[in-house]
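Data block below; observations after.
The values are calculated or read from the model by the stated rules, or taken from the named source; none is laboratory data. What you see is a predicted model; the values in this text were computed from it and never measured. Glycine gets a Cβ as well: all are built from the backbone with ideal geometry, and neighbour counts include every protein chain shown.
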Amino acid sequence: MGLNLEGKKVVVAEVSVQVASAQTIVMAEYRGIAVGDLTKLRSSARQSGVYLRVLRNTLARRAIAGTSFAPLSDQMTGPLIYGMSADPVAAAKVLNDFAKGNDKLVLKAGVYAGKLLDKAGVQALASIPSREELLAKLLGVMMAPVAGFAVALGALAKQRENATA
């Protein structure tokens, strides 16, 4: 059963709130995906902080009108699932990772920093490490000299201990 006018206004308002806080929106065609697979996708999105929603394209167009995501309007055809995230790469990563294992989910387009991305652009965005991964790598690089120094001091102390014994 379709939504009445009030229901549509509520959906547009809810999605508009998500759009306002999003840095990235990615859309994918989901024709023929089993309910169980869609549930796994939603779970993965929730864990990554991605707002995932199947929307009527007209409602999605209204929600993004007048925002930096407006270039997506021309791409909105067919049954689409929308992923929105405040993390620049999270939405692209979740949908791209799922699409690798399920050929029925086809990445269509996305917008990041006001720029329209095609399928290849979304895949490139998904390949960028997340903020947490980059911070972990940075911490590892910063800890390497300290760890090396500690190992050298330990070896020196052991060498002196063996020399005195």
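Quick notes on this structure:
- Members of region 52-66 that are in contact (Cβ under 8 Å) with a residue 40 or more places away in the chain and within 19 Å of the chain's Cα centre (by Cα): Leu52, Leu55, Ala60, Ile64
- Selection within region 107-161: residues that are within 14 Å of the chain's Cα centre (by Cα) and of a type in the set (Val, Ile, Thr). The member of this set that is farthest from Asn96 (Cα to Cα) is Val111.
- Any chance Leu41 is part of a helix (DSSP H, G or I), buried (at least 17 other Cβ atoms within 10 Å of the Cβ) and modelled with pLDDT of 90 or more: yes
- Within region 22-38, being surrounded by 11 or more Cβ atoms within 10 Å (Cβ to Cβ) and assigned to a helix (DSSP H, G or I) holds for Asp37, Leu38.
- Top-ranked residue of region 71-106 - restricted to ones that are more than 15 Å from Ser127 (Cα to Cα), assigned to a loop (DSSP other than H, G, I, E, B) and among the aliphatic types (A, V, I, L, M), ranked as farthest from the chain's Cα centre (by Cα): Met76
- Residue in region 128-141 that is surrounded by 10 or more Cβ atoms within 10 Å (Cβ to Cβ) and either farther than 23 Å from Ser48 by Cβ or in contact with a strand residue (DSSP E or B) (Cβ under 7 Å, 6 or more places away or on another chain) (or both) present: no
- Verdict on Ser68 being farther than 17 Å from Ala126 by Cβ and either in a strand (DSSP E or B) or touching a strand residue (DSSP E or B) at 6+ places or on another chain (Cβ under 9 Å) (or both): yes
- Test: Asp103 is in the same structural domain as Ala45 (by TED's automatic domain parsing), loosely packed, with under 14 Cβ neighbours inside 10 Å and in contact with a strand residue (DSSP E or B) (Cβ under 8 Å, 6 or more places away or on another chain): no
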